[in-house]
Amino acid sequence: MKKKNILSILILTILPISTFAQNSELMPTLPALTISPDARSSAMGDAGVATSVDATSQHWNAAKYVFSQNDGGIAVSYTPWLRSATKDIYITYLSGFYKYNDKESLNASLRFFSLGNIDFYTSNYEFLQTARPNEFAFDVSYSRRLGKYASGAVTFRYINSTKVTIQNTNPVIEHTSNVAGDIAFFYQKPVIFSFAPKSELAFGATISNLGTKLDISDSISYFLPMTMRLGARVTFNFNDINFFSPVVELYKSLVPTNYKYRNETVMSAAMHGITSDLSRIAWILGAEYSYKNQLFIRAGYHLESQRVNNNSYITFGIGVKYRNWDLGASYLFVTDSSNTILDNTYRISIALTFGNNKRSWYEYNL
């Protein structure tokens, strides 16, 4: 039964969550592209589009990089995935950036998703073969300031994914390539409160995974998980030692659910996705507390409607910074007993930055 479950996980991970025949709804493929890869954002409920910049911003909003107080950085993250069902599926994420002047930045990342050892059986439970499929995505982005407080970024993504086909009743694992892109916008500005005179207000927006369809067969193709994210953050600097940053974020799939759009172009489908199925919006509330910019405590709540994935969960995590090193960890537990496959998910991240700017946090953003 365990091996059968692993095969089911493979299908659900690579292919759409529901089939056309079951409910006549379009669903995206390769949902692993949307999985939160790092410990910091994961600890805040998977919020990242408007949070302050860090070395893993490539996944969330590459436009944030030009506001970094560092000249560059690199980070690596590790996530054991679906631990309640199996022990050998994991995601690793490597990201980095380099600011070659105060207005521009070049950034890159590599996401590797291992699906573990998969045993294939016939309908009569006769063993066929063992395979170890995987998929990866390589990103390159360019970020630029658009003004004193605003910035933008474009990302190019190469995707190498797994496709399972049946040939002569035997499963055959093949790899197929796709390309996609992101568009990102970020805005942050110092603000003054009577109780926190050196504070900051930020907004972020992204549209991700606009790209070629994935061909499942000669006659069937699926959209990539095109997603729109909007977020806002306030960072309260109470006394140059204690910082508190609440953040709110929403995201929505841009893949229209109506089956009649299955043959639309990517851009046309995305436009329909923006204006349709508004009940499929997911909400995130998160917060981060920082003490002397050395100790970080994070928490978040992630809520999806039943029409999305019916996932609701609470997250929390910690972070420690020593000189130019950052270490973070996060933990997730679900609040809906009907869907526990994500329960007990944890992530670990470590980052190194270089070229630290000596100006203060507030002076840098004036």
Subject >> Residues within the range 131-145 that are within 22 Å of Thr92 (Cβ to Cβ) and either of a type in the set (A, V, I, L, M, F, W, C) or assigned to a strand (DSSP E or B) (or both), tallied >> reply: 9
Original post:
Of the residues in the range 78-130, how many are assigned to a strand (DSSP E or B), among the aromatic types (Phe, Trp, Tyr) and modelled with pLDDT of 75 or more?
Top reply: 7
**OP:** Being assigned to a loop (DSSP other than H, G, I, E, B), modelled with pLDDT of 85 or more and in contact with a Ser or Thr (Cβ under 7 Å, 6 or more places away or on another chain) is the filter here, so list the residues in the range 241-281 that pass it.
**Re:** Leu254
Original post:
With (1) out of contact with any Asp or Glu (no Cβ under 8 Å at 6 or more places or on another chain); (2) surrounded by fewer than 17 Cβ atoms within 10 Å (Cβ to Cβ); (3) farther than 24 Å from Ser52 by Cα as the list, and Tyr259 as the residue in question, which single condition is left unmet?
Top reply: (1)
Subject >> Subset of the range 10-58 [at pLDDT below 70 and within 19 Å of Phe138 (Cα to Cα)] >> reply: Thr13, Ile14
**OP:** Determine, yes or no, whether Ile74 is over 13 Å from the mean Cα position of the chain (by Cα) and either at pLDDT 90 or above or part of a loop (DSSP other than H, G, I, E, B) (or both).
**Re:** yes
**OP:** Could you grab me the full set of residues in the range 161-194 that are loosely packed, with under 15 Cβ neighbours inside 10 Å, in a strand (DSSP E or B) and modelled with pLDDT under 90?
**Re:** Thr165, Ile166, Gln167, Asn170, Val172, Glu174, His175, Thr176, Ser177
**OP:** Considering only the range 64-84, state which residues are buried (at least 16 other Cβ atoms within 10 Å of the Cβ) and under 28 Å from Thr130 (Cα atoms).
**Re:** Ser77, Tyr78, Thr79, Pro80, Trp81, Leu82, Arg83
Original post:
Name the residues in the range 75-128 that are touching a Pro at 6+ places or on another chain (Cβ under 7 Å) and farther than 21 Å from Ser41 by Cα, would you?
Top reply: Leu115, Ile118, Phe120, Leu128
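The values are calculated or read from the model by the stated rules, or taken from the named source; none is laboratory data. Everything quoted here is computed from the prediction, not taken from an experiment. Every residue, glycine as well, gets a Cβ built from its backbone with ideal geometry; the counts of neighbours run over all protein chains shown.
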